[in-house]
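Q: The following block contains the structure, expressed as structure tokens.
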Amino acid sequence: MPETAPRIRQGAGNVGSIGAPLTRREGPLKVTGRALFAADTLPPGLLHAALCTARIARGRVTGLDVAAAERHPGVVAVMTPDNAPTLAKDPDAKDGPFTFRLDLLQNASVRYANQPIAVVIAETLEAATEGARLLAPRYETETPRIGLDAEAPFTPPGIGIGQPPDEGHGDVEAGLADAAARIEAVYETPAQYHNAMEPHAAVAEWDGDRLTLHTPSQGLTAAVGRLAGLFGIPPKNIRIESPYLGGGFGSKGAISGPQVLACMAARLVGRPVKLVARRENMYGPMGHRAETRQTLRLGADADGKLTALDHHTLTASSRFDDFFEPAGGVSHTLYATPNLSVRHRGVRVDTGTPLFMRAPGEATGSAALESAIDEMAIACGMDPLEFRLVNYAEVEPISGRPFSSKALRACYAQGAARFGWEKRPLQPRQMRDADGLLVGWGVGTATFPALMFEAEARAELRADGTGTVVIGAQDMGQGAWTALAQIAADGLGIDIAQLTVEMGSSTQPSGGIAGGSAHTATAGGAVHAAAQAVIAELAQIATTDSASPLYGAGNAGVIARAGRLIRRDDESRSESVGEILARAGRDRITGTGKASADPAAQKSYAMHAHGAVFAEVKVDPDLGQIRVSRLVGAFAAGRVINPRLVQSQYFGGMIWGLSFALHEHAALDPRTGRFLNDNLGEYHVPVNADTPAMEAILVHEDDPHVNALGVKGVGEIGITGTAGAIANAVWHATGVRVRELPITLDRLLG
Amino acid sequence: MSIPLRLTVNGERRDLVLEDPRVTLLDALRERLHLTGSKKGCDRGQCGACTVLVDGRRINACLALAVSLDGASVETVEGLANGDALHPVQAAFIAHDGFQCGFCTPGQIMSAVGLIREMREAGESVGDAADVERVREGMSGNLCRCGAYAGITEAVVAAARAEAQAGEKAA
Amino acid sequence: MNLFAYTRAASIAEAVTAAAEPGAAYLAAGTNLLDLMKGGIATPSRLVDITRLPGLDAVEPQPDGSTRIGALVRNSDLARNAHVAKTYPMVAEALLAGASAQLRNAATTAGNLLQRTRCAYFYDPASPCNKREPGAGCQAIGGATRIHAVLGWSEHCIATHPSDLCVPLAALGAQVEIAEAGGRRTVPIGDFHRLPSDHPERETVLEPGALVTAVILPPEAAAFSGHARYLKVRDRTSYAFATVSAAAALTLENGRIGAARLALGGVALKPWRVAEAEDALTGATPDAEAFSKAAAALVAGAKPSGPENAFKIELARRTVVRALTLAQAGTPARMPALPASPFSHAAGALHA
């Protein structure tokens, strides 16, 4: 078997710790193809499974040609509602807001297009795939409801992770009435699909009532809990291995139906089964970013100060479950106004249930809000950056809490200086490049909350000066293998080359969720705490040992560095880990640590990362084709663990913002509810040639309140701000305001 | 049905018998030869994660029928490094952070190796901004959802320039 | 993908015989066919592999000044062929603007001609489609039609042909050489693809078993090398099908247009070429007015097949005017770094 690489040693050439721009520790495995993703798992006796999915969006399956599939050479079994293994729990039962209803062949009903309706298991992938086609389902079809006008809107009980749908303060109508200038605009954002490059894959194997599952997961503990409930087995009987995720972006946060179906298929046939979603299978049962229609009404006084901000969102959840895109959240955070109203309404449609997708809420909401702010600035005759500064929120709007830190002014200033913003003409359609292309500049404010979940970790320091940290954390590309190692190495006071990190398995202490831009804070916090526990015990041994040069220094009187404990007040007095442990007759010290949010700090402070994104676009004046030529982002997100990886996170987020503004759009035929572009050829995401010149400025920010490490998240904020900045730049280039995203060339033909 | 298939994979003769003519080159590599470095992201030639070199040229392995390639020479990501010594393109991807999750990376790297060969054969340089644009276009058959394109382009340009300089010294 | 029999043809005669069997299909690179088979859109009972057929992979300039391009010449080889790049630069530019480098390395000349439409409803086996099942109806009509036809469509089919290569080939009057049971014949490319009319399932003039063996560029096509461009308007900077594209070629004599060649892509089920548009340019002064007249003649009779594609008519006009303007300025000495892109004329953005 090829290596799964749960143990990684830093290669030569990298020495350092927190703040150092180390290259990725798992890099050599990824560039050689040796990093094993779930679908690369090939246990002996493996069978292949393929999904048969619904080609209607609403109705029932009335027939499947099981015999035809079974006759196909190589087909071993066909799993349908008639023979699917019995589950211990109804997959539609809700344990909480994060338990999403799954379609696991419990009945014949169809609730969305591409819903799994059968699984074919075969000796080869080719046979399984053809077997699924041969099932040729027959349906009783009902007319689907698709789109935001599908039904009368209602007020959802909660939005996002359960926030109230309506919030605000003051009197928006009065504020608008008092305004010297007003705008009202409706922005539409389409449904988008995560489209991680790695399709959801699962290799499942049962040994009695013990399950081993190789599958990408952004939350191993929750996935184990869900599977334990569905199969009626203790969580300890389940082992999930997820050393690498080929991207997640939220789609691998909660285990999806097809991943569970792989386990059911393996149980049905009594052999290991691999089920890899085809790309089109990912448009339905794996969640998506819901479409929104956002109505923004803004008023400003003669000085450009906002007198009112009304942000109304209409969004869609599925007919059978709840997730309402919290698009208005950004208006809670960004601008000061005495009259603020944020409301969310929902409709139910015949699609899969929407889910968290990179910057849920903030991405959709900031695309609209940042365009509206631009429109308001224009209505006031003000520079859009100046307008944002005039309306800068010194405290969090609505709650009135101070920010734990907020270096947004510095982001605006540094980003504007780097971009050359001061040369921007106020009026649109003023700039051309040497080739006659229209040029436009736009700005958008970025924001994302600094969240934190719960995690625990184990750390070990050995007499030979090497260490290990163990945590069920997940690396989906954000750089956890490296960042957690940096935190652990500093915590244990050893060179990172002496440190081994083990992660990505559900058998390890819970690493929490790799999501919400909170993984470094959460898993990093746990690793830090575990390392501290180890060092505390080591210090206890040394400082109470009269033979030690550290005797009597007290725990707080020593620090760990370079494999030694050193007296804080006299660095000439130190002793190596090996020496301390040798006298104590020990060969290692093990410690555990936990991390979670501090409720007191959370209550006292508003915690958000911030940024400013400046975009330059070029537009062909006749043909309308658009290209983003330059993006400069300046972001403040607390302490930076690894600037190289943080820059990459910002770049990735900015590319997502570009994609949001110009490319992504899931197209459904409203007559059938079927997808017209459930593939990567027609569902456009940017290609390399769409990439502009990019810069990310890491603005210094100290945050003593946010968490023990002082870090905020960096994975999602890059999208926010960018989509709006690009939309604003397109307006500035062309004079055309496109309020329905993505902005495509046909809108700019004039 | 059993179909004999002879391939040379990373310089090594690999004989296999396909039970089925439907097997793509990608599935032959991954599921039959257990060379799982090449990835399946779309299975339709729309993402580039499966890029390998066949007889020296980069193609989408998911859209090539294995039986049709009988006798071909295939290079995959597993064959690039020389022991622990990374291929210059691999090293450049690490140095320039040309990946995040790593799933598209084997395809990106094989595509980059193919592109650099194509540019060399066509006598194209990587000397100025226009050539960077050429690299961007040449790498556009490889999607990266993490958005690591800036690092990818830097890595490919750096590797191509290093190779050109090495070539000049050798000449 | 359905199970199929696999035959590797050793000669053209053998191939034509094998492929005449009902349900048989030719396999070259398979970049389109395999995709269709994976989607259950094509379900051939036999694949006749023609990749080992001798003599079909060469680009051969002929004594009469024509150029014979073998059916199996890969797109990238054709684009990089020195004779083609120099003599028919817009053919090279169109090829390099198509798909991705990986696909161009695999896809063949004849395969490009025979690629199927990108209509989403054609690709969805659950949607009625007159191409897939004659008489079933057209689900695209009344659906999402942004990419659909504005010229030459019928009430039975509103699809477009997605090829880039075919657009300059059509403009240059290429001939398609076909081997069939009765021997060989050549067909002008303008007659090779059929408009949908009331038989959208008949996409070309090929009879069952017929094999495209070559594409021939006639001697007069060489006259346009100095002023020939392909322009492709699209939703991504690369790796996207044309929203609208145009091939434009001119000869200039004493400040006037000697001869002109024009064709549009992305607007119909075949490359759109109209004699009146070229006639309007012949002898004219190459200026905006003449180009606009030609563009208007080229899109004469255009009509949206759905509200979402109405913009393509005006876009097609503008694309033609721009392509003519670029052609007049002269073929660039080096292929642009972004071939056929509106962004390719950025100063310095060129490569060898």
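Q: Sorted from largest down, give the three principal axis spans of the alpha carbons of segment C:226-329, whole angstrom values.
A: Taking the Cα atoms of segment C:226-329, the three principal extents are 43, 30, 21 Å.
Q: Could you tell me whether segment C:121-251 comes out rounded, prolate or oblate from its Cα gyration tensor? Rule is a ≥ b ≥ c as square roots of the eigenvalues, rounded for a/c under 1.5, then prolate if a/b exceeds b/c, otherwise oblate.
A: Details: a/c = 2.50, a/b = 1.24, b/c = 2.01.
It is oblate, given that a/c is not under 1.5 and a/b is not larger than b/c.
Q: Sticking with this structure for a sec: For segment A:161-295, what's the radius of gyration and Dmax over Cα atoms, in angstrom?
A: Expressed in Å, the Cα Rg and Dmax of segment A:161-295 come to 21.5, 73.
Q: Give me D for segment B:88-170 in µm² s⁻¹, whole number, from Stokes-Einstein with Rh from the Kirkwood sum over alpha-carbon pairs, 4 °C and 1.567 mPa s.
A: Rounded, D is 103 µm²/s.
Q: Take each uninterrupted DSSP H stretch in chain C, measure its Cα extent along the helix axis, and return the ones at 24 Å or beyond whose mean Kyte-Doolittle hydropathy is at least 0.0. Display every interim value, and only then the final one.
A: On the way: long enough: C:311-329 (27 Å, 0.45).
Both cut-offs are met by C:311-329.
Q: Also, quick follow-up: Farthest toward the dipole's positive end in chain A, which of A:Val390, A:Ile471, A:Leu680, given Cβ charges of +1 (Lys, Arg) and -1 (Asp, Glu) about the Cα centre?
A: Ranked along the dipole, the leading option is A:Ile471.
Q: If you average the alpha carbon positions of segment A:270-293 and of segment C:65-80, how far apart do those two centres end up, in angstrom?
A: 41 Å
Q: Over all directions, what mean area does the Cα convex hull of segment A:455-596 project, stated in square nanometres? Please report the intermediate quantities before stating the final value.
A: Details: hull surface 32.3 nm².
Hull-based average projected area comes out at 8.1 nm².
Q: Could you please state, rounded to a whole Å, how far the C-alpha centre of segment A:640-685 is from the C-alpha centre of segment A:102-132?
A: 27 Å
Q: May I pose another question? Which value results when the Cα radius of gyration for the protein assembly as shown is divided by 2.2 N^0.38 Å? Walk me through the numbers on the way to the answer.
A: Numbers: Rg = 30.8 Å, N = 1273, 2.2 N^0.38 = 33.3 Å.
Output field value: 0.92.
Q: Of the accessible area of chain A, with the probe set at 1.4 angstrom, what percent is carbon plus sulfur? Don't jump to the answer; show the numbers that get you there.
A: Numbers: 11630 of 23350 Å².
Solvent-exposed carbon and sulfur of chain A make up 50 percent of the total.
Q: Note down the relative contact order for chain B as a percent, whole number, built from C-alpha pairs under 8 angstrom at least six residues apart. Each step should come with its number before you reach the end.
A: Details: 279 pairs, mean separation 38.1, N = 171.
Value for chain B: 22 percent.
Q: For segment C:88-155 and segment B:37-115, compute the distance between their C-alpha centroids and round to whole Å.
A: 28 Å
Q: Given charges of +1 on the Cβ of Lys and Arg and -1 on the Cβ of Asp and Glu, with all other atoms neutral, how large is the dipole of the protein assembly as shown about its Cα centre, in debye to the nearest 20?
A: Details: 120 positive and 134 negative charges, 145 e Å.
Using only the charged Cβ atoms, the result is roughly 700 debye.
Q: Restricting things to alpha carbons, tell me how big segment B:3-79 is in terms of Rg and Dmax, in Å.
A: 11.0, 29
Q: Label segment A:322-423 by shape, choosing from rounded, prolate and oblate, from the square roots a ≥ b ≥ c of the eigenvalues of the Cα gyration tensor; if a/c is under 1.5 it is rounded, and otherwise prolate applies when a/b is larger than b/c, oblate when it is not.
A: Values: a/c = 1.92, a/b = 1.72, b/c = 1.12.
Prolate is the answer for segment A:322-423, as a/c is 1.5 or above and a/b outweighs b/c.
Q: Moving to a separate point now. Taking the mean number of other Cβ atoms within 10 Å as a proxy for protection, how do you rank A:738-749, B:52-63 from highest to lowest?
A: Numbers: A:738-749: 19.9, B:52-63: 25.1.
Highest to lowest by the protection proxy: B:52-63, A:738-749.
Q: Also: Compute for chains B and C the buried accessible surface, both sides summed, probe 1.4 Å, and express it in Å² to the nearest 100. Kindly include the intermediate steps, with their values, before the conclusion.
A: Working: alone 9040 and 14730 Å², together 20680 Å².
About 3100 Å² of accessible surface is lost on pairing.
Q: Here is a follow-up. What does the C-alpha gyration tensor say about the overall shape of chain A? Classify as rounded when a/c is under 1.5, otherwise prolate if a/b is larger than b/c, or oblate.
A: It comes out oblate by the Cα gyration axes.
Q: For the C and A pair, go ahead and give the buried accessible area with a 1.4 Å probe, both sides summed, in Å² to 100. If you can, show how the numbers build up before the last one.
A: Working: alone 14730 and 27020 Å², together 38570 Å².
Interface between C and A: roughly 3200 Å².
Q: Checking buried surface per residue: for segment C:99-121, which residues lose a minimum of 10 Å² accessible area in the protein assembly relative to the chain alone (1.4 Å probe)?
A: SASA drop of 10 Å² or more in segment C:99-121: C:Ser100, C:Ala101, C:Gln102, C:Leu103, C:Arg104, C:Asn105, C:Ala106, C:Arg118, C:Ala120, C:Tyr121.
Q: Also: Name the residue farthest towards the positive end of the dipole of chain C from the options C:Ala85, C:Thr186, C:Ala210, assuming +1 on Cβ of Lys and Arg, -1 on Cβ of Asp and Glu, about the Cα centre.
A: Positive-end residue among those listed: C:Ala85.
Q: Relative to the longest principal axis of chain B, what angle (0 to 90°, nearest 10) does the C-alpha long axis of helix B:105-121 take?
A: Tilt relative to chain B: about 70 degrees.
Q: List, largest first, the extents of the alpha carbons of chain B along their principal axes, each in whole Å.
A: 54, 38, 30
Q: Here's a follow-up. Calculate the dipole size of segment A:474-620 relative to its Cα centre from +1 charges on Lys and Arg beta carbons and -1 charges on Asp and Glu beta carbons; express the result in debye to the nearest 20.
A: Numbers: 11 positive and 15 negative charges, 63 e Å.
It comes to approximately 300 debye.
Q: A:Ala152 to A:Asn83: FRET efficiency via 1/(1 + (r/R0)^6), r the Cβ-Cβ distance, R0 41 Å, to the nearest 0.05?
A: 0.50
Q: Let me ask something else about it. Under a GNM of chain C (C-alpha, springs under 10 Å), which listed residue has the highest mean-square fluctuation: C:Ala248, C:Ala110, C:Ala290?
A: Maximum among the listed residues: C:Ala290.
Q: Another one. Note down the relative contact order for segment B:3-79 as a percent, whole number, built from C-alpha pairs under 8 angstrom at least six residues apart.
A: Details: 145 pairs, mean separation 30.2, N = 77.
Result for segment B:3-79 is 39 percent.
Q: Please turn the phi angles of segment A:202-212 into ³J(HN,Hα) values with the Karplus equation 6.51 cos²θ - 1.76 cosθ + 1.60 (θ = phi - 60°), one per residue in order, whole Hz, x for glycine and proline.
A: In residue order, the calculated couplings are 9, 10, 10, 9, 9, 10, x, 9, 10, 10, 10 Hz.
Q: Amide H neighbours of A:Arg573 under 5 Å, at least 5 residues apart or on other chains, H built in the peptide plane: list them.
A: Placed amide hydrogens put A:Arg567 under 5 Å from A:Arg573.
Q: What does the highest-first list of C:16-23, C:126-133, C:94-101 look like by mean Cβ count within 10 Å? Each step should come with its number before you reach the end.
A: Working: C:16-23: 16.8, C:126-133: 19.1, C:94-101: 27.9.
Highest-to-lowest ranking by the protection proxy: C:94-101, C:126-133, C:16-23.
Q: Treating only the Cβ atoms of Lys and Arg (+1) and Asp and Glu (-1) as charged, compute the dipole magnitude of chain A about its Cα centre; round to the nearest 20 debye. If you can, show how the numbers build up before the last one.
A: Details: 69 positive and 81 negative charges, 196 e Å.
Using Cβ point charges on Lys, Arg, Asp and Glu, chain A gives about 940 debye.
Q: Put a dot 7 Å past each Cα toward the Cβ at A:Arg60 and B:Asp128; how far apart are the dots in nm?
A: Each label point is offset 7 Å from its Cα along the Cβ direction, giving 7.1 nm.
Q: Determine the per residue accessible area of chain A with all protein chains present and a 1.4 angstrom probe, expressed in square angstrom. Mind showing how you got there, number by number?
A: Numbers: 23350 Å² over 750 residues.
On a per-residue basis, chain A sits at 31 Å².
The values are calculated or read from the model by the stated rules, or taken from the named source; none is laboratory data. None of the values given here were measured: they were computed from a predicted structure. A quick note on method: Cβ atoms are made from the backbone with ideal geometry, for glycine too, and the neighbour counts reach across all protein chains shown. Side chains included, ligands, DNA and RNA excluded: accessible areas come from the protein's heavy atoms. Shrake-Rupley method; radii C 1.70, N 1.55, O 1.52, S 1.80 Å.
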